[in-house]
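> My questions will all concern the structure given below.
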Amino acid sequence: MFGLALVAGAAFLAQGVFGEGVHLLNCRSFGDASIPIRTYVSIVAYCANDADCSNISYNIPDNHACIMSSTTAYETFHQWEGSSQSCTFADTGVTFSWNIPANAQSLPDYSSVGTASNGFKTFAGFKDDNHNGANYNYHSCTRKYYYI
């Protein structure tokens, strides 16, 4: 049990230390419930400085975000788990691919969820803690998974 906690703690500490990172985020448009139409967006975000993706004052540039879904249906987000998935960043043509286990959201925070690749590098993936992270295009984002 101690070994598992140590591994999870190391994954948490590693976040933001290894340089670049890729985060899977669910984002809600800014504002309160009185806004008649809100949007819910799921994005794959690339951060050259991984710590930026966890910083609530950081705004993810459009060219560092790959949109997986966008809807006005209340609290409806992309299903990250249970199948092989990928997203291609329009400005670079780089495709990021992953396969998160179907049960990943039931795992403890910072648990390994496998690996991902951009064709140049293999990234280690972890379940994030669902806290607020960076912002995207007038949306506040919660962190679902990250790859370093």
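The values are calculated or read from the model by the stated rules, or taken from the named source; none is laboratory data. Predicted, not measured: the structure shown is a model, and the values here were computed from it. All Cβ positions, even for glycine, are placed from backbone atoms using ideal geometry, and neighbour counts span all protein chains on display.
> Of the residues that make up segment 47-66, is at least one farther than 21 Å from Phe120 by Cβ and under 12 Å from the mean Cα position of the chain (by Cα)?
For segment 47-66, residues farther than 21 Å from Phe120 by Cβ and under 12 Å from the mean Cα position of the chain (by Cα): present.
> Which strands (runs of 3 or more DSSP E) sit wholly inside segment 89-148 and have at least 3 residues that are farther than 19 Å from Gly19 by Cβ and not small (Gly, Ala, Ser)?
Result: 132-136, 139-147.
> Select from segment 74-126 the residues that are under 16 Å from Ile148 (Cα atoms), among the aromatic types (Phe, Trp, Tyr) and free of Cβ contacts under 8 Å to residues at least 40 places away in the same chain and list them in ascending order.
Answer for segment 74-126, where residues must be under 16 Å from Ile148 (Cα atoms), among the aromatic types (Phe, Trp, Tyr) and free of Cβ contacts under 8 Å to residues at least 40 places away in the same chain: just Phe120.
> Ok, one more. Within segment 103-145, take every residue that is aliphatic (A, V, I, L, M), under 30 Å from Phe30 (Cα atoms) and surrounded by fewer than 21 Cβ atoms within 10 Å (Cβ to Cβ) and give me the one that is farthest from the chain's Cα centre (by Cα).
Leu107
> A further question on this structure: Quick one: in segment 38-47, which of the residues that are farther than 17 Å from Gly19 by Cβ and at pLDDT 95 or above is surrounded by the fewest Cβ atoms within 10 Å (Cβ to Cβ)?
Only one residue fits best here, namely Tyr40.
> Right, another one. Output the residues belonging to segment 48-88 that are farther than 25 Å from Gly19 by Cα, of a type in the set (Phe, Trp, Tyr) and either in contact with a Leu (Cβ under 8 Å, 6 or more places away or on another chain) or surrounded by 14 or more Cβ atoms within 10 Å (Cβ to Cβ) (or both).
Phe77
> While we're on this one: Looking at the structure I just gave you, is Ser70 among the polar types (S, T, N, Q), out of contact with any Gly (no Cβ under 7 Å at 6 or more places or on another chain), at pLDDT 95 or above and farther than 17 Å from Arg28 by Cβ?
Taking the combined requirement at face value, the residue does not satisfy it.
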